[in-house]
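Student: Below you will find the structure I want to go over with you.
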Amino acid sequence: WGRVDANSCGGQGDRIPSPRGCSQTEDVFLTRMGLTWTDATALMGAHTLGRGDTGFSGHHGTWVPSNIEAMSFDKTYYEEVFLNSWHPQNIGTPREDWTTGNGGDRVMLNTDLCLVMLIDENMPCCTGTRCTGLSRRCPRIPANHPRSEAFDAFEEYLGGSYPNENQQPFYDAFREAWRKATKVGQNNLFPLADNCDVDLFI
């Protein structure tokens, strides 16, 4: 039933996108898995949960304002990209990521911000209205760019003008992207049982 259980998953971390930029996201989600930029943008919304830990990923902090908010699966990740001014740190190292510079443990990865900003060819740059210490602001992805679909999806998942409580666009898109991502290469999956009576599996 479904994917095969294993005691170890050596090398499986290599199957997810490296946090270096959108070329890695494109390689994993679009090229290898056959998803769209809309799907990839929805799946990246899972960053609203949990936090990065330097000991595991080399990146430290939450994508949302607090550890408490990092326990809620919602669209806050998308809001935070636009509500904050993000500044790069550790430029040119494997730990390159972005912080608000406002204290606390806040983080965005290149793979997050490249969905809405042209960061690859414009580093160093910063986002938002409070850019300080850097000479330029990262330009937003224009309508004729190959990743414009990601930018459009990002805006859609905001659910309308800020502030609002409309989570549905994100939930619907995530549900569909997750369905696609978990069924890739799995043509022999069985539907889940309505209950878990032991007799069903004997």
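The values are calculated or read from the model by the stated rules, or taken from the named source; none is laboratory data. Fair warning: this is a prediction, and the values are worked out from it, not measured in the lab. Here the Cβ positions follow ideal geometry from the backbone for every residue, glycine too, while neighbour counts run over all protein chains shown. Remember, those area values only see protein heavy atoms, side chains included, never the ligands or the DNA or RNA. Shrake-Rupley method; radii C 1.70, N 1.55, O 1.52, S 1.80 Å.
Student: Could you list, in sequence order, the residues of the stretch 141-151 that are under 17 Å from GLU176 (Cα atoms) and open to solvent by 20 Å² or more (accessible area, probe 1.4 Å)?
Tutor: GLU149
Student: Sort out which residues of the stretch 73-108 are part of a loop (DSSP other than H, G, I, E, B) and under 15 Å from the mean Cα position of the chain (by Cα), and write them in order of number. Walk me through how you get there before you give the answer.
Tutor: Step one: of the stretch 73-108, the residues part of a loop (DSSP other than H, G, I, E, B) are 73-75, 84-86, 90-96, 100-105, 107.
Hits for the stretch 73-108 are PHE73, ASP74, LYS75, VAL107.
Student: Next question. When you scan the stretch 142-154, how many residues do you find that are under 15 Å from the mean Cα position of the chain (by Cα) and either of a type in the set (A, V, I, L, M) or farther than 17 Å from VAL81 by Cα (or both)?
Tutor: Of the residues in the stretch 142-154, 2 are under 15 Å from the mean Cα position of the chain (by Cα) and either of a type in the set (A, V, I, L, M) or farther than 17 Å from VAL81 by Cα (or both).
Student: Consider only pairs whose beta carbons are under 7 Å apart and that are at least six residues apart or on different chains; among these, list those whose first residue lies in the stretch 33-62 and is over 22 Å from SER23 (Cα atoms) and whose second residue is assigned to a strand (DSSP E or B) and of a type in the set (Ser, Thr, Tyr).
Tutor: Partner pairs satisfying both residue conditions: ARG51/THR62.
Student: May I pose another question? Filter the stretch 1-24 down to the residues that are open to solvent by less than 50 Å² (accessible area, probe 1.4 Å) and either at pLDDT 90 or above or in a loop (DSSP other than H, G, I, E, B) (or both), then identify the one that is nearest to LYS180 (Cα to Cα).
Tutor: Taking the candidates together, the pick is GLY2.
Student: Taking the residues in the stretch 155-171 that are under 16 Å from the mean Cα position of the chain (by Cα) and open to solvent by 60 Å² or more (accessible area, probe 1.4 Å) as candidates, determine which candidate is nearest to ALA42 (Cα to Cα).
Tutor: My answer is TYR171.
Student: Also, quick follow-up: Specify the residue that is surrounded by the most Cβ atoms within 10 Å (Cβ to Cβ); the eligible residues are those in the stretch 25-49 that are over 12 Å from the mean Cα position of the chain (by Cα) and not charged (D, E, K, R). Let's see the steps before the verdict.
Tutor: Kept after step one, since they are over 12 Å from the mean Cα position of the chain (by Cα), are these residues of the stretch 25-49: 26-28, 30-36.
Applying the additional criterion that residues be not charged (D, E, K, R) yields 28, 30-31, 33-36.
Working: VAL28: 19, LEU30: 15, THR31: 10, MET33: 16, GLY34: 12, LEU35: 21, THR36: 15.
Here the residue is LEU35.
Student: Find all pairs meeting these conditions: Cβ atoms under 9 angstrom apart; at least six residues apart or on different chains; first residue within the stretch 114-127 and closer than 14 Å to ILE141 by Cα and hydroxyl-bearing (Ser, Thr, Tyr); second residue part of a loop (DSSP other than H, G, I, E, B) and modelled with pLDDT under 95.
Tutor: Every condition considered, the pairs that remain are THR127/ASN84; THR127/SER85; THR127/TRP86; THR127/ILE119; THR127/CYS138.
Student: I would also like to ask the following. If you take the residues in the stretch 57-72 that are farther than 18 Å from GLU165 by Cβ and over 16 Å from the mean Cα position of the chain (by Cα), which one is least open to solvent (accessible area, probe 1.4 Å)?
Tutor: Start the filter on the stretch 57-72 by keeping residues that are farther than 18 Å from GLU165 by Cβ, which leaves 57-63, 66-67, 70.
When the remaining residues are screened for being over 16 Å from the mean Cα position of the chain (by Cα), the result is 58, 66-67.
Details: GLY58: 11, SER66: 38, ASN67: 91 Å².
By that ranking, first place goes to GLY58.
Table: residues versus (1) at pLDDT 95 or above; (2) touching a helix residue (DSSP H, G or I) at 6+ places or on another chain (Cβ under 9 Å); (3) farther than 17 Å from SER85 by Cα.
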| site | (1), (2), (3) |
| --- | --- |
| ASP105 | no, no, no |
| THR111 | no, yes, no |
| VAL116 | yes, yes, no |
| CYS125 | no, no, no |
| GLY133 | no, no, no |
| GLU156 | yes, yes, yes |
